[in-house]
Amino acid sequence: MTFAHDTELALAVAARLVNTDPGTGDGEDTLRTSADLVAFLDETGWSGSRAGDDAELEAVRALRPRLRELWRLDEDALVTAVNQVLLDTRALPQLVDHDGLGWHIHAVPSDAPLATRMLVEAAMAFTDVIRSDELDRLKTCAADDCDDVVLDLSRNRSRRFCEGGCGNRENVRAYRDRRRAE
Ligand SMILES: [Zn+2]
Ligand SMILES: [Zn+2]
């Protein structure tokens, strides 16, 4: 394991959240409705309060470009940004255990707004990544037409493409190019 279990989970969920938004790349926005948000939260096992209203949906949607930006920052800029998030949200790390997850850290109360908790959870995970000097685990999909973020937890840091099928598409394209060249 590269990071603490809650860090890896938080990074995976943050990446998944960012990637519901195609950004400037191809694909569909898969977080458009309250039902989409409920499905996302249930699939990723999010605990804590949910308002279930449009304001909450909008706040979570707005979090995606912000997290995408954090994901791509260099170390110094990310340090500054993460510290600012923790300051602004008055983050106070506490060890908690619920739903059989084992001890992990929550840094804002479980009744804080959902988007705030999502942001702080990602920020806390980034503190772990920065301290471990593993920022190169946070990548962007290598496909030209894809804006997805990639969490590379592979042993040899070889992961280049997102889970949206870009790796396969690139392989097919490379194969066709080779055929054409022959
Ligand atoms: Zn928790
Ligand atoms: Zn991709």
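The values are calculated or read from the model by the stated rules, or taken from the named source; none is laboratory data. Values in this document were obtained by computation on a predicted structure and should not be read as measured data. Cβ coordinates were reconstructed from backbone atoms using ideal geometry, including for glycine residues, and neighbour counts include every protein chain displayed. These accessible areas exclude ligands, DNA and RNA; they are computed on the full protein's heavy atoms, side chains included. Shrake-Rupley method; radii C 1.70, N 1.55, O 1.52, S 1.80 Å.
If we scan region 164-175, do we find a residue that is away from ligand 1 (no atom under 16 Å from the Cβ), open to solvent by 90 Å² or more (accessible area, probe 1.4 Å) and among the aromatic types (Phe, Trp, Tyr)? Checked against the condition, which is being away from ligand 1 (no atom under 16 Å from the Cβ), open to solvent by 90 Å² or more (accessible area, probe 1.4 Å) and among the aromatic types (Phe, Trp, Tyr), region 164-175 yields at least one hit. In the set (1) more than 15 Å from the chain's Cα centre (by Cα); (2) surrounded by 12 or more Cβ atoms within 10 Å (Cβ to Cβ), residue 76 fails one condition alone, (2).
Residue check: residue 62 meets all listed conditions (1) more than 19 Å from residue 150 (Cβ to Cβ); (2) open to solvent by less than 40 Å² (accessible area, probe 1.4 Å); (3) modelled with pLDDT of 95 or more but one, namely (2). Of all residues in region 86-114, those satisfying the criterion of being closer than 20 Å to residue 61 by Cβ and crowded, with 20+ Cβ neighbours inside 10 Å are 108, 114.
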